[in-house]
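Enquirer: Structure incoming, see below.
Derivation of every value follows stated rules applied to the coordinates shown; laboratory data play no part. These numbers were taken from a predicted model, which means no experiment stands behind them. Neighbour counts run over all protein chains shown; Cβ positions are idealised from the backbone, glycine included.
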Amino acid sequence: MVHIDTKENIIYLTVQQKLTNNDFDQIEQVVDSTIESFGKIRLYYEMKNYKGWTFQAFWRDLYMDLKYRNKVEKIAMIGEKIWEKWLSDAIKPFSGATVRFFAHPQKDQAKSWLER
């Protein structure tokens, strides 16, 4: 499940449980329209009780990472588990963005970092 908000060129995603292909339909629509308006985007990706992706959604995520590689400036990943930190490190080779991991108590710091 995903909840999406935007503020100018920043897209705020809060993901829970497992992401599905339908979730990526929603995400891709918002990403496309924000890129159309601003040229480049920044992502806030907060994981709450995150369980990963369905099989189809995993491949969709990789596809989108490559598709938007040069359109994403920064990614702030907010999580609570060590594997979520590893996930933030694992996406770095697939993204042209600067990627940083923040623990949940650092959410405000993550938002400030994205806005700079």
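Enquirer: Given a Förster distance of 22 angstrom, what is the FRET efficiency for residue 54 paired with residue 80, based on the Cβ-Cβ distance and rounded to 0.05?
Expert: On the way: r = 22 Å, r/R0 = 0.98.
It comes out at approximately 0.55.
Enquirer: Taking every DSSP beta bridge that has both residues in the chain, what percent is antiparallel when rounded to the nearest 5?
Expert: Values: 6 of 28 bridges.
In the chain, DSSP labels about 20 percent of beta bridges as antiparallel.
Enquirer: Could I ask something else about it? Evaluate the distance, in nm, between pseudo-label points positioned 7 Å from the Cα of residue 107 and of residue 1 along their respective Cα→Cβ axes.
Expert: 1.5 nm
Enquirer: Less than 9 Å Cβ to Cβ from residue 28, Lys/Arg counted +1 and Asp/Glu -1: what total charge do the surrounding residues give?
Expert: Net charge in that neighbourhood comes out at 0.
Enquirer: Take every Cα pair under 8 Å in the chain that's 6+ residues apart, average their separations, divide by the length, and report that relative contact order as a whole percent.
Expert: On the way: 200 pairs, mean separation 28.2, N = 116.
After rounding, I find 24 percent.
Enquirer: So, counting K/R as plus one and D/E as minus one, what does the shell of residues with Cβ under 14 Å around residue 77 add up to?
Expert: On the way: positive: 42, 48, 74, 81, 85, 92, 100, 107, 111; negative: 46, 61, 65, 80, 84, 89.
Charge balance near residue 77 sits at +3.
Enquirer: Given the C-alpha centroids of region 13-27 and region 55-107, what is the distance between them in whole angstrom?
Expert: 14 Å
Enquirer: Kindly put 47, 1 in sequence by how many other C-beta atoms sit within 10 Å of each C-beta, fewest to most. Let's see the in-between values first.
Expert: Details: 47 21, 1 13.
The most exposed by this proxy come first: 1, 47.
Enquirer: Further question on the same structure: To make sure I understand, if each residue's beta carbon is the centre and we count other beta carbons within 10 Å, what order do 98, 6 fall in, fewest to most? Present the calculation step by step, with values, prior to reporting the outcome.
Expert: Numbers: 98 13, 6 17.
Lowest to highest Cβ neighbour count: 98, 6.
Enquirer: Moving on. Just to be sure I understand: with springs between alpha-carbon atoms less than 10 Å apart, which residue in 91, 82, 35 has the highest mean-square fluctuation in the Gaussian network model of the chain?
Expert: So, out of 91, 82, 35, the one fluctuating most is 82.
Enquirer: Still on this structure, I have one more. Springs between alpha-carbon atoms under 10 Å, Gaussian network over the chain: tell me which of 96, 39, 79 tops the mean-square fluctuations.
Expert: Taking springs between Cα atoms under 10 Å, the residue moving most is 39.
Enquirer: Now, a different point. Please give the charge dipole size of the chain, origin at the Cα centre, charges +1 on K and R Cβ atoms and -1 on D and E Cβ atoms. Round to the nearest 20 debye.
Expert: Values: 18 positive and 16 negative charges, 71 e Å.
It comes to approximately 340 debye.
Enquirer: Continuing with this model, one more query. So what's the net charge close to residue 4: Lys and Arg +1, Asp and Glu -1, counting the other residues with Cβ under 12 Å from its Cβ?
Expert: Values: positive: 7; negative: 5, 23, 25, 28, 46.
Charge balance in the 12 Å sphere: -4.
Enquirer: Hey, fewest Cβ within 10 Å first, where do 38, 24, 101 land in order? Display every interim value, and only then the final one.
Expert: Numbers: 38 14, 24 22, 101 18.
So the ranking, lowest neighbour count to highest, is 38, 101, 24.
Enquirer: Here is a further query. How many nm separate the modelled label positions at residue 91 and residue 32, each set 7 Å beyond the Cα in the direction of the Cβ?
Expert: The modelled label-to-label distance comes out at 2.0 nm.
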